[in-house]
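Right, one structure below, let's go through it.
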Amino acid sequence: MRTDTGQVFKLEDYRPNDFSIPQTGLTFRLSPDATRVTAVLTIERRDGAAASAPLVLDGDGLVLKRIAVDGRELAPAEYLATPDQLTILKPPARFELLLETEIAPASNEALMGLYRSSNVYCTQCEAEGFRRITYFLDRPDILSVYTVRIEAQLDEAPLLLSNGNPVESGALAEGWHYAVWHDPFPKPSYLFALVAGNLGQVADSFVTMSGREVELGIYVEPGKEGLAGHAMDALKRSMQWDEQAFGREYDLDVFNIVAVSDFNMGAMENKGLNIFNDKYVLADRETATDADFANIEAIIAHEYFHNWTGNRITCRDWFQLCLKEGLTVFRDHEFSADQRSRAVKRIAEVRTLRAHQFPEDQGPLAHPVRPRRYREINNFYTATVYEKGSEVVRMIRTILGSQTFRAGMDLYFERHDGEAATIEDFLKVFEDVSGRDLSQFALWYHQAGTPNLTVSSTHNPVTREFTLEIEQSVPPTPSESRKRLMHIPLAFGLVGAGGEPVAYGGVEGATVEDGVIHIRKRRHLVRFSGVDERPAVSLNRGFSAPITLSVEQKADDQFFLAGHDSDAFARWQAFNTLLTDALIAAFRQILGGAKPVFSARLTGLAGKIAGDETLEPAYRALALALPGEADIARDIGRNIDPDAIFTAREALVLAIARANQDAFTKLYGRLAEDGPFSPDAASAGRRALRNILLDYLSLLPGGVELAARHFETATNMTDRAAALTVLAHRHDGSPEAIKALAGFEARYGADPLVMGKWFQIQASVPGPKTVETVRALTGHAAFSMANPNRVRSLIGTFSSANQTSFHRADGEGYRFFAQTVLEVEKRNPQVAARLATALRSWRSLEPGRQAKAREALLAIANGENLSADLRDIVERTLA
Ligand code: 0A1
Ligand code: ZN
C-alpha cells in the first residue's frame with residue numbers, strides 16, 4: 001500500500017519531464033511469488049532540459065535487483081533507489097537503461113499493477129499502477145513504443161497476451177514457453193497490459209471500413225465460453241458504429257478482451273487488450289438480467305471507443321481525465337441510444353446522473369469536471385468526471401449542431417492523433433470549426449456545482465406577449481465560494497392546448513436558436529411576441545443542460561405536459577415532478593403526524609400512462625418507477641429522516657396500486673412472455689413493465705402468491721431476480737420469501753456472479769434488521785472481502801441503496817459500515833475509499849443521525865496507517 005505523503009498535486013504545477021522514453025522493452029518471467037521484470041528503456045533528454053538534470057523515475061513498493069546504463073552496471077554512488085523512487089544522478093543525454101525488479105503478484109490484493117485473479121496473471125495500470133511493476137516515468141504524457149516478452153510455465157499459463165500484435169512465440173527449457181508482443185502505437189504506461197493463464201477463447205473477426213481483417217478474441221474462465229456471445233456481438237457492433245458515427249477505424253491486427261473475476265472497476269481500455277470485470281462480459285438468460293445485458297453492451301463499447309478517445313489521443317496529465325472519460329461516456333451513450341430506444345436511454349442516463357453526480361456536486365466531495373488539485377487520483381474516477389463530463393460534450397453538440405460538432409471531432413482526431421492533449425485543445429477545435437467563442441462555456445469544465453435556473457412566466461393577452469423570466473445561480477462548493485455566470489443551453493418548447501407547438505413572432509432578451517435559449521447572464525427576460533394564448537412551457541427538453549430547475553408552474557400545466565409534451569424526456573420529467581412533489585408533501589404530512597393523501601388525478605395518471613399503448617413499454621416502466629428514497633431526500637435537501645421518506649413512498653406505491661388494480665392486473669397478464677427469450681430492447685421493455693406492475697400488485701391481497709408464482713415460473717434471470725426482490729422486500733420473512741431465497745441460493749450457490757445478486761437483494765431489504773442480515777452474510781461461503789464485486793454487492797448495496805437500514809436511527813448501520821470499510825482497506829484501499837463515499841451527504845441528515853454519521857467518519861479517520869485513498873475521502877467529507 002502506498003504511504004500517504006499528504007502531497008497535493010496541482011494543475012498549475014504541470015511541466016513536461018526533462019526526459020522522454022521513446023522505446024520500452026519489458027521481459028516478464030512469471031511466477032506467483034517472485035516474478036522477474038526486466039525493463040530495457042531507451043531514454044533521451046529533451047531539447048532544452050538542463051544537462052545536469054537527474055532522471056527521477058516513479059516506483060511503488062519496488063525492490064531493485066539490477067541496474068545498468070548502456071550495458072554497464074551502475075555503482076551505488078551513481079543512483080538512489082527507494083521502493084517509491086529511482087534517481088539516476090548524472091544520466092547521459094541518450095542511453096539505454098536496464099532495470100530488474102522482483103514483484104509478487106500472488107500477494108497483490110490492491111489489484112493494481114501485476115496481480116493474480118483465479119490463478120490468472122493480469123495487470124491494471126491506470127492510473128499509477130505501472131510503477132508497481134517497474135520504475136518508470138509513470139505519467140500519461142510519456143508516450144513509448146512497447147515490446148513485451150512474457151515467459152511462463154506452459155501448464156500454468158498456456159495463454160500469453162500483451163498489447164499490440166503478436167510477433168513470435170515458442171517453447172523454452174523445463175516446461176516454460178514465451179511469447180513476444182509489439183505495439184507500434186506509442187502509448188502511456190497506464191495503457192500497458194499483460195495477461196497470462198489458462199483461459200477459454202471465443203474467436204471471431206471483423207473487416208474494417210478499409211477492408212482490413214481484425215482477429216477478435218474474448219477470453220474467459222474455461223467452461224464459460226458460452227457466456228461471451230453477447231459481448232462479442234456488442235464488440236462487433238461497436239466497431240462498426242465508430243466507423244459510421246465518427247469515421248474511426250480500428251488500427252491493430254488483433255483486438256482481445258479478457259474477463260477476470262477480481263477487478264476494481266468495470267473494465268480497462270489497455271491498447272488492443274481490454275481487461276474486464278467478468279460481470280461486464282458474461283451473460284445468458286439464465287444468469288444475467290436485461291440490465292446486465294445493457295451494461296455489457298455499453299461497457300464493451302466504452303472501452304472499445306477509448307481506442308481513439310483515450311489511446312490514440314491521450315491525456316497530458318490526470319487533471320485532464322475528463323478529456324478521455326467524459327468524451328468516451330458521451331460516445332457510449334450515443335451508441336446505446338442508436339442501438340436501443342433514444343428516449344428511454346436518455347431518461348435512464350438522467351436518472352443515473354441525478355442519483356450519482358448531483359449528490360456529489362452538492363456535497364463535500366464536489367469538484368470541477370476538470371479538477372485543479374488532487375491528493376489521490378484514484379478518487380477522481382467520479383460521476384462528475386464521467387457523467388457530467390459527458391453532459392458537457394453533449395452541450396457542445398447542442399450549441400454547435402450535429403454537423404459542426406462532427407467537424408470539430410474530425411479536426412480533433414486529425415490535429416491531436418498521437419498526442420497527449422488537454423481540455424483547452426479539445427475546446428479549441430470546436431471554436432475553430434464554428435468560429436464561436438466558447439470561453440464562457442468552458443466554465444462547465446472549471447467550475448463545480450449544479451447550476452439552478454429559477455423560471456416564471458407571464459402572458460399578456462392584450463400585447464400578445466409571453467415572457468419567461470429566467471435567473472441563474474450556481475451554489476457555492478468547497479473552496480469555490482464565488483461563482484461566475486455560466487452559458488446554459490436551455491432547450492424549450494411552448495405547448496398549445498392541443499399539444500401542438502405554439503408559433504411566435506419574434507424573441508427578445510436572449511439568443512434563441514433551434515429551440516434553445518442561450519442563458520449567459522444572471523437574469524434574462526425572454527419575450528416572445530405574437531402569442532395569443534398562454535402556452536404551457538416545456539423546459540430543459542432532452543435534459544439539454546445538467547442543471548436543476550425551480551419553475552413556477554401550475555399543477556394543471558404539469559399534468560398537461562405529462563400527457564402531451566412532444567419531447568419524450570420532458571414528458572417523463574413532468575410526471576416525475578408531479579410524483580416528487582406529491583412525495584415531498586406526503587413526507588411533510590408524516591412528520592406532522594398526519595396520514596398522507598394522494599390525489600386521484602395523480603394515481604389515475606399513473607394508470608393512464610401504464611396502459612398507453614402509444615408509448616413504449618420500457619418508457620412506461622420508467623414512468624412508473626417512482627423516485628427513489630435517495631432521490632426524494634436529495635430534493636428535500638436538509639433535515640432528512642429516511643424513515644419518513646420510506647413511509648411516504650410506500651404510501652404512494654400502495655395508493656397507485658389500489659387505484660389501478662384492475663387495469664394493472666389485466667396488463668400484467670397480457671405482458672406474459674409468449675415467444676422465445678430475447679435480450680433485445682423491446683423484449684426487455686415488456687419485462688420491465690411487467691415486473692414493475694408486479695411490484696405494485698404485490699402490495700394488494702394475493703400479492704405474495706402472485707410474486708411467488710412469478711418467481712417459480714420465471715424463465716430468465718430478469719424475471720426471477722425481480723420476483724425475488726419483491727418477495728424479499730415487500731414480504732420480508734414470509735414463507736414465500738424464505739423459500740425463494742433458499743431456492744435461489746441452492747440453484748446458484750456455485751456461481752459467484754449470480755450470488756452477487758442474492759447478496760444485493762438481501763442487503764437492500766428495507767428496515768432496521770438488515771444490518772444484522774448483512775453482518776451475518778459477510779460470513780457466507782460465497783462472500784469474500786477480497787473480491788470487489790462481492791464487497792460492492794453486499795456492503796456497497798447496503799450503504800448506498802438501503803436508506804432505512806444504513807441510516808438506522810441508533811447509528812448501528814454506520815458503526816458496522818465504518819468497521820467494514822477499515823477491514824476492506826487493509827487489502828484494497830481503492831475499493832474502501834469508494835465505499836466510504838456513501839457517507840458524503842451526511843450533513844443533510846436530521847441532527848441525531850448527523851452526529852452518528854460523523855462519529856463513524858471519525859472512526860474511519862482514526863484508523864491505523866490509513867491509505868492515501870481513504871484518508872483523502874474521509875478528510876474531504878468531514879471538512
Ligand atoms: N479507464 C477505465 C476505468 C478504470 C480506471 C481505473 C482503474 O483502476 C483500478 C480501472 C479502470 C474506464 O473508463 O473504463
Ligand atoms: Zn473510460
Flag for Leu671 being in contact with a Pro (Cβ under 8 Å, 6 or more places away or on another chain) and farther than 30 Å from Arg843 by Cβ
yes
Asp338 meets each of (1) within 16 Å of ligand 2 (Cβ to nearest atom); (2) closer than 20 Å to Asp242 by Cα with one exception, condition (1)
A careful count of residues in segment 715-743 that are surrounded by fewer than 19 Cβ atoms within 10 Å (Cβ to Cβ) and not in a helix (DSSP H, G or I) gives 4
Of (1) surrounded by fewer than 21 Cβ atoms within 10 Å (Cβ to Cβ); (2) on the phi < 0 side of the Ramachandran plot, Asp565 satisfies every one except (1)
Subset of segment 709-747, residues free of Cβ contacts under 8 Å to residues at least 12 places away in the same chain and more than 24 Å from Phe783 (Cβ to Cβ), comes to Arg709, Glu712, Thr713, Ala714, Pro735
Scanning segment 123-166 for residues that are within 27 Å of the chain's Cα centre (by Cα) and of a type in the set (Asp, Glu) gives Glu126, Glu128, Asp138, Asp141
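For Ala746, indicate whether it is among the small types (Gly, Ala, Ser) and surrounded by fewer than 23 Cβ atoms within 10 Å (Cβ to Cβ). Write out each step before concluding.
Numbers: among the small types (Gly, Ala, Ser): yes; surrounded by fewer than 23 Cβ atoms within 10 Å (Cβ to Cβ): yes.
Yes, satisfied.
Collect the residues in segment 748-762 that are within 22 Å of Val281 (Cβ to Cβ) and in a helix (DSSP H, G or I), keeping them in residue-number order. Break it down into steps so the answer makes sense when it comes.
If we filter segment 748-762 for residues that are within 22 Å of Val281 (Cβ to Cβ), which is where we start, we get 748-760.
The answer is Tyr748, Pro752, Leu753, Val754, Met755, Gly756, Lys757, Trp758, Phe759, Gln760.
Here are Val791, Val765: which of them is part of a helix (DSSP H, G or I) and of a type in the set (Val, Ile, Thr)?
Numbers: Val765 fails: part of a helix (DSSP H, G or I).
The unique qualifying residue is Val791.
Among the candidates Lys345, Lys324, single out the residue that is of a type outside the set (A, V, I, L, M, F, W, C) and within 16 Å of ligand 1 (Cβ to nearest atom).
After applying the criteria, what remains is Lys324.
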When segment 34-72 is checked residue by residue, the ones that are farther than 29 Å from Ser107 by Cβ and in a strand (DSSP E or B) are Thr42, Ile43, Glu44, Arg45, Leu55, Val69, Arg72
Within segment 617-636, the residues that are surrounded by fewer than 20 Cβ atoms within 10 Å (Cβ to Cβ) and either over 24 Å from the mean Cα position of the chain (by Cα) or of a type in the set (Val, Ile, Thr) (or both) are Ile636
Test: residue in segment 381-399 that is out of contact with any Cys (no Cβ under 7 Å at 6 or more places or on another chain), more than 16 Å from ligand 2 (Cβ to nearest atom), hydroxyl-bearing (Ser, Thr, Tyr) and within 30 Å of Phe528 (Cβ to Cβ)
yes
Only one of Ala337, Ala348 is over 26 Å from Thr147 (Cα atoms), without any contact (Cβ under 8 Å) to a residue 12 or more places away in the chain and either among the polar types (S, T, N, Q) or surrounded by fewer than 24 Cβ atoms within 10 Å (Cβ to Cβ) (or both), namely Ala337
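Please find, among Val765, Val791, Val774, the residue that is surrounded by fewer than 24 Cβ atoms within 10 Å (Cβ to Cβ) and within 30 Å of Phe744 (Cα to Cα). Can you show your working first?
Details: Val791 fails: surrounded by fewer than 24 Cβ atoms within 10 Å (Cβ to Cβ); Val774 fails: surrounded by fewer than 24 Cβ atoms within 10 Å (Cβ to Cβ).
One residue alone meets the criteria, Val765.
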Flagged in segment 119-145 as hydroxyl-bearing (Ser, Thr, Tyr) and crowded, with 23+ Cβ neighbours inside 10 Å, in numbering order, are Tyr121, Thr123, Thr134, Tyr135
Pairs returned, first residue in segment 82-102 that is touching a residue at least 40 places away in the same chain (Cβ under 8 Å) and closer than 16 Å to Phe19 by Cβ, second residue that is surrounded by 15 or more Cβ atoms within 10 Å (Cβ to Cβ) and among the hydroxyl-bearing types (Ser, Thr, Tyr), beta-carbon separation under 6 angstrom, 6 or more apart or interchain, are Leu86/Tyr135; Glu96/Thr42; Leu99/Thr134; Leu99/Tyr135
Restricting segment 104-118 to residues that are under 18 Å from Ala39 (Cα atoms) and either of a type in the set (Lys, Arg) or surrounded by fewer than 22 Cβ atoms within 10 Å (Cβ to Cβ) (or both), the one nearest to ligand 1 (Cβ to nearest atom) turns out to be Gly113
Restricting attention to segment 181-205, the residues that are surrounded by 18 or more Cβ atoms within 10 Å (Cβ to Cβ), farther than 13 Å from Val260 by Cα and in contact with an Asp or Glu (Cβ under 8 Å, 6 or more places away or on another chain) number exactly 6
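Quick one: which of Asp47, Asp70, Asp58, Asp33 is crowded, with 16+ Cβ neighbours inside 10 Å and acidic (Asp, Glu)? Walk me through it before giving the result.
On the way: Asp47 fails: crowded, with 16+ Cβ neighbours inside 10 Å; Asp70 fails: crowded, with 16+ Cβ neighbours inside 10 Å; Asp33 fails: crowded, with 16+ Cβ neighbours inside 10 Å.
That would be Asp58, the only listed residue that is crowded, with 16+ Cβ neighbours inside 10 Å and acidic (Asp, Glu).
Scan segment 328-342 residue by residue and report those that are hydrophobic (A, V, I, L, M, F, W, C) and either closer than 13 Å to Ala294 by Cβ or within 11 Å of ligand 1 (Cβ to nearest atom) (or both).
As a first pass, look at segment 328-342 and keep what is hydrophobic (A, V, I, L, M, F, W, C): 329-330, 335, 337.
Of everything in segment 328-342, those that are hydrophobic (A, V, I, L, M, F, W, C) and either closer than 13 Å to Ala294 by Cβ or within 11 Å of ligand 1 (Cβ to nearest atom) (or both) turn out to be Val329, Phe335, Ala337.
Read-outs throughout are calculated quantities, based only on the coordinates presented, and are distinct from any laboratory measurement. A quick note: this is a predicted structure, and the numbers were derived from the prediction, not measured. For neighbour counting, all protein chains shown are included, and Cβ atoms are generated from backbone atoms with ideal geometry for every residue, glycine included.
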